[in-house]
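Please read the structure below before turning to the comments.
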Amino acid sequence: MYAIRTNLIKYASIVLIVALVLAPTSISRVKGAEDAGKYTRNRFIIVIDEGHGAVFGYKELISFLIRFNESLYASEGVCIDVYSINGKINSSTLIGVDLLIIPPTNGSVSYTSDEGEVLLDYIKVGGSMLILGAPFDIGTSTDPDVSYLNDLLIYMKQEISFYYEMGSGDLIRDDINGEGSIIYLNQDNADNELEELFYNVNNSVKVSSCSINYKQENNTYAIKTKSTAYRVNNKMQVYYNNSGYNVFVARKISYGVLTVMGFGEILTNISSPNNTPWMSMSENFQFSYNLIKWLLKLDRWVVEERKQMHPIHIYLLIISLPVIAIYPMALKIDEKRRKKIEERKREVKISEILKKTREKEKK
């Protein structure tokens, strides 16, 4: 009975010590409610490329980005810093950049294969890149040359391209689901993986866009017009495609995201055919807000919310304390008991040897 009691104390102590070791792990994972939803970073960097003959750039985009910053801070408690870069893009210019915006180019400065390789590496390690396309005639003093953007995509080894033929891009029109050169987009036009871009967008997004061709690959998602849309080139030739036209393509590459958008004007203060800035339309702003927030990948920096410690762990902690305190004593008692048993065994063996010796002597 004595031995059984000692062993029970010993084994119970071991079990509770294990519980005690595991329980603090749960304690360390407890996160206060006041920390929920906060980020480990409070500033993010957006850079606009103005070194390749941008048709529109920092001046046209900053109005939206200021408003975006105000809304982001109000809802998420984080801010953005916006910069522009001139000249060639290299690995040094991309250090610390969360999102790089490539505006439409006028064809005056080409991208190089080295820049394409640098940008692909930038995306692979977690960067986000947004290439803005535009229709061949956007009502500015300079028309975009999307062929230079196509060259960049080739250098980046991406089979994505803006429509380009006869020295020009195109314009997508829709007279049924749109207003001619202004087409309507909503969540029904998008792949399921892009549905968050339409979060809180109550009506259709109104844009003027060129079209995009791409080869379907894993982790590639698109927004496509309705079948009522048609294409017009710079010669005013009309083409129909019953399956619709791609105007937005996003591709996840390793840890980053490449996004190619045919309606880059949506992010600007450039006037639409309705004589209002594209960004000022409420649906357009909400879509653009969702897009930039999605590209910044804020969810990577959320402080992880963990579950509270289960009550059973607390009970085990409380119960284990007195048992653990007597654990050394239990070991000593058990050690003394073991020694006594061994001594008794030795005494029995000696007595048996003596007994056998006496029996031999009698014989």
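The values are calculated or read from the model by the stated rules, or taken from the named source; none is laboratory data. Just so it is clear, the model here is predicted, and its values are computed rather than measured. Please note: Cβ atoms are built from the backbone with ideal geometry, for glycine as well, and neighbour counts cover all protein chains shown. The protein model used for the area step is the full one, side chains on, heavy atoms only, and it has no ligands, DNA or RNA in it. Shrake-Rupley method; radii C 1.70, N 1.55, O 1.52, S 1.80 Å.
Here are some notes:
- Our analysis of the stretch 150-219 gives Rg over Rh at 1.02, with the two radii drawn from alpha carbon positions and Rh computed by the Kirkwood formula.
- Using the average count of surrounding beta-carbon atoms within 10 Å as a protection proxy, the listed peptides 43-53, 262-272, 227-237 rank, highest first, as 262-272, 43-53, 227-237.
- Principal axis box of the stretch 50-115, alpha-carbon based, largest edge first, Å: 40, 24, 13
- Largest-first principal axis extents, alpha carbons of the stretch 82-218, Å: 47, 35, 31
- The listed peptides 76-88, 144-156, 165-177, ordered by packing as a protection proxy, come out as 144-156, 165-177, 76-88 (highest mean of other Cβ atoms within 10 Å first).
- Computed across the stretch 142-269, the Kirkwood hydrodynamic radius from all distinct Cα-Cα pairs reaches 15.2 Å.
- The calculated Kirkwood hydrodynamic radius for the stretch 191-262 is 13.7 Å, given to one decimal from all distinct C-alpha pairs.
- Length available on full extension from Gln216 to Met166: 0.36 nm per residue minus the Cα-Cα distance, which gives 15.5 nm.
- Computed over every Cα-Cα pair of the stretch 101-140 and binned at 5 Å starting from 0, the pair-distance distribution P(r) comes out as 6, 17, 23, 26, 13, 9, 5, 1 percent.
- Ranked by the mean number of other Cβ atoms within 10 Å of their residues, highest first, the peptides 244-250, 296-302 fall in the order 244-250, 296-302.
- Within the shell of other residues whose beta carbon sits under 9 angstrom from the beta carbon of Val257, the net charge comes to +3, with Lys and Arg scored +1 and Asp and Glu -1.
- Count Lys and Arg as plus one, Asp and Glu as minus one, and take only other residues whose Cβ is under 11 Å from that of Leu132; the net charge is then -3.
- Net length available on complete extension from Gln187 to Ser280 is 31.5 nm, with 0.36 nm assigned per residue and the Cα-Cα distance removed.
- When Tyr221, Tyr240 are compared by accessible area of protein heavy atoms, the largest-first order is Tyr240, Tyr221, using a 1.4 Å probe.
- Counting only Cβ charges, +1 for Lys and Arg and -1 for Asp and Glu, the dipole size of the stretch 102-221 around its Cα centre is about 100 debye.
- Diffusion coefficient, µm² s⁻¹, Stokes-Einstein with Kirkwood Rh over alpha-carbon pairs of the stretch 173-213 at 37 °C and 0.692 mPa s: 298 µm²/s
- Accessible-area value, Lys340, 1.4 Å probe, nucleic acids and ligands omitted, Å²: 120 Å²
- Around Val205: net Lys/Arg minus Asp/Glu count, Cβ-Cβ under 15 Å: -4
- Pair Val238, Arg43: separation of 7 Å Cα→Cβ label points (nm): 5.4 nm
- Taking 0.36 nm per residue of sequence separation and removing the Cα-Cα distance, the Lys124/Tyr255 pair yields an extension gain of 46.6 nm.
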